[in-house]
Every structure is written in structure tokens, then in C-alpha cells.
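Student: What follows is a single structure, and I will ask about it in a moment.
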Amino acid sequence: MRNDVRAVIITHYHYDHHPRPGDPELPITLFRGKLVLAKNPNYFINENQWRRARAFFESLAKVAGTHMDELYKEPGKLSIGDPEEAIPKAMVRDFGDYSKRRAELLEKGRKRFERLAELWATGEWVSEFSGEDGTRVMWADGRELEVCGIRLRFTGPWFHGVEYDRTGWVVGLLAEFRGSRVFFTSDVMGPIIEDYAEAVEDQRPDLVIVDGPPTYLYPYMLNKINLRRAVENAVTIVRSRPRAMIYDHHLLRERAWRKRVSEVFEVAKEEGVRVMTAAEAMGRLPLIVLVERVWDCDTPEEE
């Protein structure tokens with residue numbers, strides 16, 4: 001991490017989004033003296049990320065010179081409401097023959113949510129904290145603030161994928177500087193949920209960075225219905241006419257990814273919107289293309 005970095009954002013607690021404590025290649029000490037804006041680790045979080053967040057902040061508090069007895073506190077008053085009220089468009093969508101199966105999955109998700117809510121209401125909470133070295137940790141969910149002249153507006157907790165996704169919740173981010181707006185969705189897997197695409201559309205960003213559907217899991221952990229939703233929602237974003245949309249992360253893990261979302265590219269061409277990978281935005285070949293070339297070289301020619 002560059003020494004002139006002032007703020008670091010952690011959208012959720014998966015190890016491809018924040019360092020694992022003890023990782024020599026990305027040590028916790030890199031965060032010293034920074035403003036850390038992180039997903040709230042006390043609610044709208046699954047059990048696995050609950051544990052990971054606490055391990056991370058314990059490590060950071062130690063190097064920042066924070067007394068450990070100041071890190072934890074009794075759980076606060078919690079009024080979480082009904083998470084389905086935040087996604088009305090997704091909840092009223094007609095899924096035809098899939099509706100019965102979806103209703104079963106939603107009911108299972110509600111029961112998991114109730115169990116998690118009990119953990120959030122009774123488990124020890126992590127406090128926001130400041131270290132003696134200038135490190136400052138703040139929870140990002142729904143927050144708006146300015147850092148170095150950049151206006152940061154965080155979403156509330158969004159499902160990491162489908163409704164009640166087992167992988168938990170993330171926060172998205174709109175960054176605005178001198179009239180230019182960038183929206184980073186983090187891991188919403190598409191987005192699959194229609195309301196999240198509408199939220200991006202409403203902000204009219206100049207640049208959207210979206211993780212895309214995990215097509216490498218199709219059809220086992222990503223079904224045809226939710227892949228279709230992800231494509232339609234990306235089209236919704238493209239039709240809002242950002243200057244560009246960068247596909248990143250989940251989508252770029254298998255060879256046929258462009259074919260899976262070909263409609264997005266077609267609509268983008270009609271709307272005059274550039275859709276590309278982060279590598280292409282930097283003038284480089286995507287890693288998956290380089291890997292494909294290796295595969296092609298390893299394939300023996302037919303006699």
C-alpha cells in the first residue's frame with residue numbers, strides 16, 4: 001500500500017477484500033495511520049465474517065496502540081427491521097415456474113436471518129476506535145463523509161448475491177470528486193437483486209465498477225434464473241448511460257464470461273457505453289485472456 005494513502009475501505013470480511021491476520025505479503029501494519037472505513041462487523045454479517053472481522057480488528061488495534069479493553073463493548077440497541085422492505089422490486093417480481101422454489105429458499109433464508117439476529121443482539125460488539133499512531137476505524141454502512149475533497153457515500157448493507165445469501169452482506173460506495181461520480185458495487189454478484197441496479201441507476205455515475213455474476217459456478221451454485229437477472233440488471237445500469245462500466249472480480253473467472261453476458265455488450269454498443277475489464281481500462285490484456293493463450297499452447301494439435 002502506498003504511503004500517501006489516506007483512507008482504506010473494507011466492504012466486507014472475505015480474505016480477497018481484506019488481509020488475513022498474519023499474512024506476510026499484506027501485513028496489518030500497512031493500515032497504521034490510515035482512516036479505515038469498514039463494513040459494520042456487529043450486524044448484517046454472517047457467522048464466518050463475524051469471526052474474521054474480530055480477528056482483523058484485534059490485530060489492527062494491537063499495532064495501533066489501542067487498549068484491547070476498549071475494543072469490545074456490550075451489544076447496542078438493535079432495530080434491524082425486515083430486510084425484504086429494502087428490496088421491494090425484487091420481492092414482487094414474478095418468477096413463473098421458479099416461484100415456488102424461490103419461496104422455499106426465501107423461507108429458509110428468513111430462518112437463518114433470525115438466528116443471525118440473535119447473535120447480533122447478544123454477542124460482544126466491536127467499537128469504532130482510534131490508535132495512538134493516528135489509525136482511525138469507522139463503520140461505513142450508510143455513512144456519508146468527505147476525505148481529501150472526495151465525497152464518499154456508502155450504501156446500507158446489501159446482500160452478497162441473492163436474497164438472504166449465505167455469504168452475508170457488503171456495502172457499496174459512491175465516490176464524487178469535482179462533479180465526477182464513481183460507483184463501486186462490491187460483491188453483489190451481478191447485481192442479481194433488481195433494487196441494487198436501480199440504486200446505481202438513480203445515482204447516474206460516470207463510471208460503474210461491478211463484480212458481475214459468478215458464471216464459473218453456473219449451473220451448480222448460480223442458476224439460470226439468477227444469471228438472467230444479473231444480465232438484465234447490468235443492462236439497466238448500462239441504459240443509465242455511464243461513460244463506462246468495468247466488469248471485475250467474479251465474472252472474470254471462466255473462459256466463456258463474455259458469451260454469458262453478451263447482451264450487456266450489445267446494449268452498451270447501442271448506448272455508446274464502454275464495457276471493459278479493469279485490465280483493459282489500464283491498456284492491458286485481461287488475465288483470463290493470457291491464461292487462455294497458455295491453454296491453447298498446451299492443447300496438442302490433431303494429426
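The values are calculated or read from the model by the stated rules, or taken from the named source; none is laboratory data. Quantities reported herein were computed from a predicted structural model and do not represent experimental measurements. Counting neighbours? That spans all protein chains shown, and the Cβs are built from the backbone with ideal geometry, glycine included.
Student: Given (1) over 20 Å from residue 10 (Cβ atoms); (2) crowded, with 18+ Cβ neighbours inside 10 Å, identify the lone condition not met by residue 96.
Tutor: (2)
Student: From the list 11, 29, which residue is in contact with a Gly (Cβ under 9 Å, 6 or more places away or on another chain) and either among the polar types (S, T, N, Q) or without any contact (Cβ under 8 Å) to a residue 12 or more places away in the chain (or both)?
Tutor: Result: 11 is the single residue among 11, 29 that is in contact with a Gly (Cβ under 9 Å, 6 or more places away or on another chain) and either among the polar types (S, T, N, Q) or without any contact (Cβ under 8 Å) to a residue 12 or more places away in the chain (or both).
Student: Scanning segment 29-48 for residues that are outside any loop (DSSP other than H, G, I, E, B) and buried (at least 21 other Cβ atoms within 10 Å of the Cβ), which turns out modelled with the lowest pLDDT?
Tutor: By that ranking, first place goes to 31.
Student: If I filter segment 96-145 down to residues being touching a helix residue (DSSP H, G or I) at 6+ places or on another chain (Cβ under 6 Å) and β-branched (Val, Ile, Thr), which single residue comes out as farthest from residue 77 (Cα to Cα)?
Tutor: Top of the filtered list is 135.
Student: Being free of Cβ contacts under 8 Å to residues at least 40 places away in the same chain and closer than 28 Å to residue 162 by Cα is the filter; apply it to segment 118-148 and report the residue that is nearest to the chain's Cα centre (by Cα).
Tutor: Among those residues, the one meeting the criterion is 142.
Student: Can you find even one residue in segment 98-107 that is touching a Ser or Thr at 6+ places or on another chain (Cβ under 7 Å) and of a type in the set (Gly, Ala, Ser)?
Tutor: no
Student: Examine segment 235-242 for a residue that is among the aliphatic types (A, V, I, L, M), within 24 Å of residue 12 (Cα to Cα) and at pLDDT 95 or above, and state whether such a residue exists.
Tutor: Yes - at least one qualifying residue is present in segment 235-242.
Student: Another question, if that's okay. Looking at (1) assigned to a helix (DSSP H, G or I); (2) aliphatic (A, V, I, L, M); (3) farther than 20 Å from residue 196 by Cβ; (4) touching a residue at least 24 places away in the same chain (Cβ under 8 Å), can you tell me which one residue 279 breaks?
Tutor: Every condition holds for residue 279 apart from (4).
Student: Can you name the residue in segment 9-28 that is at pLDDT 95 or above and β-branched (Val, Ile, Thr) and is also surrounded by the fewest Cβ atoms within 10 Å (Cβ to Cβ) among such residues?
Tutor: 9
Student: Could we say that residue 78 is in a loop (DSSP other than H, G, I, E, B) and more than 25 Å from residue 153 (Cβ to Cβ) here?
Tutor: Here the answer is no, as residue 78 does not meet what is asked.
Student: Please go through segment 154-165 and pick out each residue that is under 10 Å from the mean Cα position of the chain (by Cα) and outside any loop (DSSP other than H, G, I, E, B).
Tutor: Residues of segment 154-165 under 10 Å from the mean Cα position of the chain (by Cα): 157-161.
Across segment 154-165, the qualifying residues are 158, 159.
Student: Turning to a different aspect of this structure: Spot the failing condition for residue 91; the list is (1) farther than 28 Å from residue 232 by Cα; (2) more than 19 Å from the chain's Cα centre (by Cα); (3) not β-branched (Val, Ile, Thr), and only one is missed.
Tutor: Residue 91 satisfies every listed condition except (1).
Student: Follow-up question, since we're still on this one. Taking residue 90 and the conditions (1) at pLDDT below 95; (2) in contact with a helix residue (DSSP H, G or I) (Cβ under 6 Å, 6 or more places away or on another chain); (3) assigned to a helix (DSSP H, G or I), which numbered condition does it fall short on, given that it satisfies the others?
Tutor: (1)
Student: Okay, next question. Looking at segment 73-88 only, could you name the residues that are under 24 Å from the mean Cα position of the chain (by Cα) and either surrounded by 10 or more Cβ atoms within 10 Å (Cβ to Cβ) or at negative phi (or both)?
Tutor: Of everything in segment 73-88, those that are under 24 Å from the mean Cα position of the chain (by Cα) and either surrounded by 10 or more Cβ atoms within 10 Å (Cβ to Cβ) or at negative phi (or both) turn out to be 78, 79, 80, 82, 83, 84, 85, 86, 87, 88.
Student: A further question follows. Please indicate, with yes or no, whether at least one residue in segment 54-67 is among the polar types (S, T, N, Q) and crowded, with 21+ Cβ neighbours inside 10 Å.
Tutor: Let us first name the residues in segment 54-67 that are among the polar types (S, T, N, Q), namely 59, 66.
Now narrow it down to the ones that are crowded, with 21+ Cβ neighbours inside 10 Å: 66.
Checking segment 54-67: at least one residue is among the polar types (S, T, N, Q) and crowded, with 21+ Cβ neighbours inside 10 Å.
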